[in-house]
Every structure is written in C-alpha cells, then in structure tokens.
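First comes the structure, then the notes that go with it.
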Amino acid sequence: MSLFSHLTSLKCILSVATLTTATLSSHTIFAQASSSVPIAHAHNDYEHERPLHDALQAGFTSVEADVYLVDNQLLVAHDRRDTTPDRSLESLYLNPLRQHFSNRTDDSTHKTFWLMIDVKSDAIKTHRKIQSVLERYPDLFLKIKNSRSKQVDSKGPLVRVVISGNRAKEDILLTQPRISGIDGRLSDLNSELSSEAMPWISDNWRSHFRWRGQNEFPKEERNKLRKYVKQVHDKGRLLRFWATPDSPALWDELLDLNVDLINADDLRGLQLHLQKRAQQHN
C-alpha cells in the first residue's frame, strides 16, 4: 500500500473545527485523514518563541528544522553563525517529541507526525550523524524495512522523518535500518523510488507560480497546480510548497485543490483559518 493510500484510509481523531488550546494538549497528535484534510506544516519552526510546542499547540502535525553539523553536534539555526550548543536537534525536537508521545493517553498507532530536517551542512556527513542520533530513539521513529520497497514497520508511533536541503540520496537509501525518507522536488516526479523512500514532493512556489494570494488565482496557474497535485498523488506522495505567502486566499486555493501540506510561518493565522473553514463546511 502506498503512503498516500495508507494516509487516506486513516480517520482523523479530531475535527479541525474542534481545535482549541484546551484540546491541543501535549499528548495530542493529529493524523491526516485524506488529501482534503491538510497537514499544517510549521516552516522554520525553530524561529518561533517555543519551537515544536507552539506548533503542537496550534494543531500542526509537521515541523521543519534547519540543521548544521558543527563540532559533531546537530545544531538548529537558519544561518551557521547563529548556531549555539544549547539549540540542538535533540534538545529542541527529539527529547520533547519523546516526552510528547510518552504522555499520550490513547494507544492508536494511526497517527502521523512529520519532522522535516533541512540539512544545511555537508550532505553525507550530516545525514550519517542524523542517523546515529535518531537510532537513540527507537521508540519514536517509524522505520522503513527496505529502502526500495513499500514496506514500513508500523509498530509504535508513526513519527516520520524527511531529509530536505542537502540530501544525500544514495546514502539515505543504503542506510539500514533506514529512518529517514527523502524530500523530493517536482523534478523528481518520475522517480522510481517508492513513496516511502520519497514520501514528499516539495518545491518553491515562486519558481512555478506568479500569484501571491492577491486578486484572483489565474486560471492557467490553477490548472498547473491541479496537474501537479494529480501527478504527485498518482505516485503516492504528498505535495508541499515553500515560499508561499501567509495568505488566506492562497491557503484556500491550496486546500481546495488538495495540496497535502500547507506551509505557514503564521501558525495562529493558519490554525484560525482552518477552524473557520471547518465551521463553514459543517
């Protein structure tokens, strides 16, 4: 079963309409029920006041961390000059995620949370360090049984890792046990890799579309987006664009055309917009 087919078979444990600060406790993880139920993705999550925690509180099920390998440590920052030893991948994300899952009150395994690691330093060296660190958390991450098969080990929590940025593709595929998938690009649409090996297709919105969320979405661009969505879904993958303005009009177009991951810097703004849409559709 492809990743997309697996996700579309899941039932959401809570409707977006019921998302409130009270219900978004530290032990609540939301699943994607279908392509029409989006995954809210916290772009550059580490820049928020409370990395990971703000995203979880807003109901997001995907976060992004830029990572540099510095003195054999995986440090999180947008620029290398801003890295500090106290802001590591483990301290900001892995340890809090472990605590997050350990506090769950339900035993459902059909919940997917995505951790996108955007590698900013040497691809191979950084990936190998990422792999060694992730292996310290066997209770947390879903593992791929075979790098080119469609089989996954579905026991335990479904925390999925995707490697973006400087992607050591062959090194990732050859690693066993493999924990990380590859964040593809639109240029990878015809890749023969399984949807588990390359679960996402992400690309720069501004490289493909002129529309910035103001006035009407041009018909030809809407048709182009619809084509991309179909191509990505036909391969069993999920689609995301970065460099999208935090615009309700643009969010609506992405949602209406079944783009899977909605990229946002304005966490609260997207949360409220999703709530409003859910109320309007009820």
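The values are calculated or read from the model by the stated rules, or taken from the named source; none is laboratory data. If you're wondering where the values come from, they're calculated on a predicted model, not measured in any experiment. So basically every Cβ, Gly included, is an ideal-geometry build from the backbone, and we count neighbours across all protein chains shown.
Which pairs have Cβ atoms under 6 Å, sit 6 or more apart or on different chains, and link a residue in segment 175-187 that is under 19 Å from Lys235 (Cβ atoms) and assigned to a strand (DSSP E or B) to one that is at pLDDT 95 or above and of a type in the set (Lys, Arg)?
Ile182/Arg167; Ile182/Lys169
Residues checked against (1) closer than 15 Å to His41 by Cβ; (2) free of Cβ contacts under 8 Å to residues at least 60 places away in the same chain; (3) surrounded by 14 or more Cβ atoms within 10 Å (Cβ to Cβ):
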| position | (1), (2), (3) |
| --- | --- |
| Pro199 | yes, no, yes |
| Lys219 | no, yes, no |
| Leu254 | yes, no, yes |
| Arg277 | no, no, yes |
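Taking only segment 49-86 into account, find how many residues are part of a loop (DSSP other than H, G, I, E, B), touching a residue at least 40 places away in the same chain (Cβ under 8 Å) and crowded, with 17+ Cβ neighbours inside 10 Å. Break it down into steps so the answer makes sense when it comes.
First pass over segment 49-86, keeping only residues part of a loop (DSSP other than H, G, I, E, B): 49-52, 58-61, 71-72, 77-79, 83-86.
Among the residues that remain, those that are also touching a residue at least 40 places away in the same chain (Cβ under 8 Å) are: 51-52, 58-61, 72.
Next, only the ones that are crowded, with 17+ Cβ neighbours inside 10 Å stay: 51-52, 58-61.
Number of matching residues: 6.
Does segment 71-79 include one or more residues that are of a type in the set (S, T, N, Q), touching a Pro at 6+ places or on another chain (Cβ under 7 Å), modelled with pLDDT of 95 or more and closer than 17 Å to Lys120 by Cα?
There is at least one residue in segment 71-79 that is of a type in the set (S, T, N, Q), touching a Pro at 6+ places or on another chain (Cβ under 7 Å), modelled with pLDDT of 95 or more and closer than 17 Å to Lys120 by Cα.
Would segment 144-157 turn up any residue that is buried (at least 20 other Cβ atoms within 10 Å of the Cβ) and either closer than 18 Å to Arg240 by Cβ or modelled with pLDDT of 95 or more (or both)?
No, there is no match, as no residue in segment 144-157 is buried (at least 20 other Cβ atoms within 10 Å of the Cβ) and either closer than 18 Å to Arg240 by Cβ or modelled with pLDDT of 95 or more (or both).
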